[in-house]
Amino acid sequence: MKDLDEVKERIEQIRGEINYHNYRYYVLASPEISDAEYDELMKELKQLEEQYPQFLTPESPTQRVGVAPVEAFGVVEHPLPLLSLGNAFSQEELLAWYTRTLRLTGEKQFDFTCEHKIDGLAVALTYINGQLVAGATRGDGLRGEDITRNLRTIRSIPLSVFKGAPNRFEVRGEVFLPKAGFTKLNRERTEEGLPPFANPRNAAAGSVRQLDPHITAKRPLDIYIYMLGYAEGKATPPTHWETMEYLNFLGFKVNPNNSLLSNIEQVEEYYHSWVEKRESLPYEADGIVVKINQLDLQERLGNIGHEPRWATAYKFPAIQGTTRLKEIKISVGRTGTLNPYAVLEPVSVGGVTIKQAALHNENDIRRKDIREGDWVYIQRAGEVIPEVIGPIKSKRSGQEKEFSLLEKIFNSNKQRPACPACGADVIKPEGEVMYYCSNAACPAQVQQRLEHFVSRGGMDIRGIGESQSSMLLREGLVKDVADLYYLKQKKEQLLKLERMAEKSVINMLNAIDDSKKTPLPRVIFALGIRNIGEEMAEVLAKEFPSLDELANASIEKLMSIPTVGPKIADSIVAFFRQEENKKIIQRLKDAGVNPKGQKAKPEELPLAEMEFVITGRLETLTRQEAEARIKALGGSAVTNITKKTTYLVVGTDPGLKLTRAQALGTQQITEEGFLSLLEQTT
């Protein structure tokens, strides 16, 4: 047995660390450790308190759900506590939870529901007589912050619900910031000299906990409802799954990736399928939530401390970690930006060995006080390079070195800062935070532009990746993106290159030829115009149905588009004024890359002002494809039936949306009828 004094000392030490990290995370929104490391501390503390209950105190972090609410918002008392979930980090721990619930219920089998554990902010929404009257954070589980005004700005939260709702009820959900919105928000904050958010959860929490709701309204927040808290005045379904269908019927947004499963083996299959696909999700999720479906069993099982016995979070492998930052180096981007990046001591994060990570810019490095030699907190998200979130200052030895970009790129021979790739002069435009290489023909820029051009979001030319791009440039077979379309004339030279067998060359040339059919929005994005992402390329293609019209657009014409500001307009005009770019575009057109868009105002499109809802499974199209076709023709694809809904598209195994459509008298069409409608309007 351990010495009790040592045990007590270790417990107090862990509690101190957890309280410190809670403060860093919840109050300062500046975490110093990863979620996985925090979970390990909490796990060790729980184990010690279970083994030595004489040291368990009411003040222990294990006895708290969250943190005390900020009084400035006003405080809401939760009629039922908002509990936090216990965690399972392995198959063994999940099976232990399952075995324990079987024993406690005396049942031989029960159903499960599984859903994604989204990284966001838990909220409780209260409705009286069908109207939203209050919205609150989890807070400490018993009392939360009143953020009703802010939650009202989230469009996926209904302000009123279908008349069949209980007189008074509460739903609970997770407010989150989608990945695309998070990336855009951080890019805008960085450009404005503001600190970027550490992760989507911090961003969501920071967005809804604003004293000014106008700030919240500007951020693309979303919500998924995950349970009914309580209901008065009307009977509700007997299972969680049916309850979620009922809430969806009332107008609440429910995650379509939720699943009803009949045994623990299916739960494991669901988990592993999403471990593999997690990076394809439009939001961050760190695991799945497993719940017993039968509500009477949930009630019988009850809670232990602040955790329900009838549910657990089965965590995904970590995508966050800590390691030492050995050096900060500089790379050159496709627009000439000089981009600092971190060279790390290799560390495994989520099963992937990480050796490098992104840093935003010199201003951000200085603001976060990241130094060479620091221990740092890193995060891997999606397929992009991992990111350094910040330093762990408590681990500093005093040998760490502050970063200066100009010192890094100072050329002692020429006595001036120079591009690390080509040696050209470095410039810093007035009002910007980034430094740029002044040489448009810089080989590093050319390669980055080529890789961007052939990428999936651009021309999607398969068979040309980083190594092939580098080789083609190195061998002088291409000097710019237009040269790709003249490679057929150099087939014999291609066949002489390393690892370029005849089949590989033929496939590459065919892929280049196929890319001539790429639609206009993706061609605009592929050109790599500064500040033009995929969404803006879509906007521009709708307004300017050819490259020529876009190239000739004035700043005034561009800025007449609601989503185009002066920075974007200047970037477009500057790009098309450059003689080199004019020549490239002409050669692309001569080679057959000259897509035409369809200029039409939204109100002129065939499905304008028509609203579609899809229920059930479609046989010939995925739901995403169907919604894309609706939007392309000017219609709206939404998730909830309302009086505004024009058509309910009914697939196989329709849900409660069909019932609601019948109650409202909404017109229903089959998948065949839907396809016929699309054909008639195209």
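A short reminder: the numbers here are calculations on the coordinates, not readings from a lab. The model shown is predicted, which means the values in this text are computed figures rather than measured ones. Quick reminder, even Gly has a Cβ in these numbers, built from the backbone with ideal geometry, and neighbours come from all protein chains shown.
What GluC sites (Glu not before Pro) in the stretch 488-528 are in a loop by DSSP, with at most 13 other Cβ atoms within 10 Å of the Cβ?
Passing sites in the stretch 488-528 are E498.
Specify whether the C-alpha gyration tensor of the chain places it in the rounded, prolate or oblate class, a ≥ b ≥ c being the square roots of the eigenvalues: rounded for a/c under 1.5, otherwise prolate if a/b is larger than b/c and oblate if not.
Judged from the Cα gyration tensor, the chain comes out oblate (a/c at least 1.5, b/c at or above a/b).
Below 27 Å, Cα to Cα, which lysines can K657 reach? Residues fewer than 8 away in the same chain don't count.
Of all the lysines, those that pass the test against K657 - Cα under 27 Å, at least 8 places apart if same chain - are K117, K163, K234, K253, K291, K631, K643, K644.
Can you tell me, using C-alpha contacts under 8 Å and at least 6 residues apart, the relative contact order of the stretch 443-590 as a whole percent?
Answer for the stretch 443-590 is 23 percent.
Within the stretch 448-491, name every residue whose backbone N is under 13 Å away from a label modeled 7 Å from Cα of K583 along the Cβ vector.
479-483
Along the charge dipole of the stretch 65-182, pointing to its positive end and built from +1/-1 on Cβ of Lys, Arg, Asp and Glu, which listed residue (S160, S90, V75) has its Cα farthest out?
Result: S160.
Which whole-Hz ³J(HN,Hα) couplings does the stretch 283-291 yield from phi under the Karplus relation 6.51 cos²θ - 1.76 cosθ + 1.60, θ = phi - 60°, glycine and proline marked x?
Values, residue by residue: 9, 7, 9, 10, x, 10, 9, 9, 10 Hz.
Give me Rg over Rh for the stretch 443-590, both radii from the alpha carbons and Rh done the Kirkwood way, two decimal places.
1.01
Using a Förster distance of 22 angstrom, determine the FRET efficiency expected from the C-beta separation of K326 and S394, and round it to 0.05.
Efficiency at R0 = 22 Å is approximately 0.70.
Can you give me the relative contact order of the chain as a percent, contacts being Cα pairs under 8 Å and 6 or more apart?
The normalised contact order for the chain reaches 10 percent.
With a cut-off of at most 13 other beta carbons within 10 Å, and DSSP calling the residue loop, which trypsin sites (Lys or Arg not before Pro) in the stretch 435-471 qualify? Please list them.
R456
Given R₀ = 41 Å, FRET efficiency for K277-K517 by Cβ-Cβ distance, to 0.05?
Calculated transfer efficiency: 0.90.
Restricting to lysines 8 or more places apart or on different chains, can you count the pairs in the stretch 325-423 with Cα atoms under 16 Å from each other?
Step by step, the pairs that qualify in the stretch 325-423 add up to 12.
Which lysines, if any, have their Cα less than 23 Å from the Cα of K479, not counting same-chain residues under 8 positions apart?
K488, K490, K491, K496, K516, K517, K582, K583, K589
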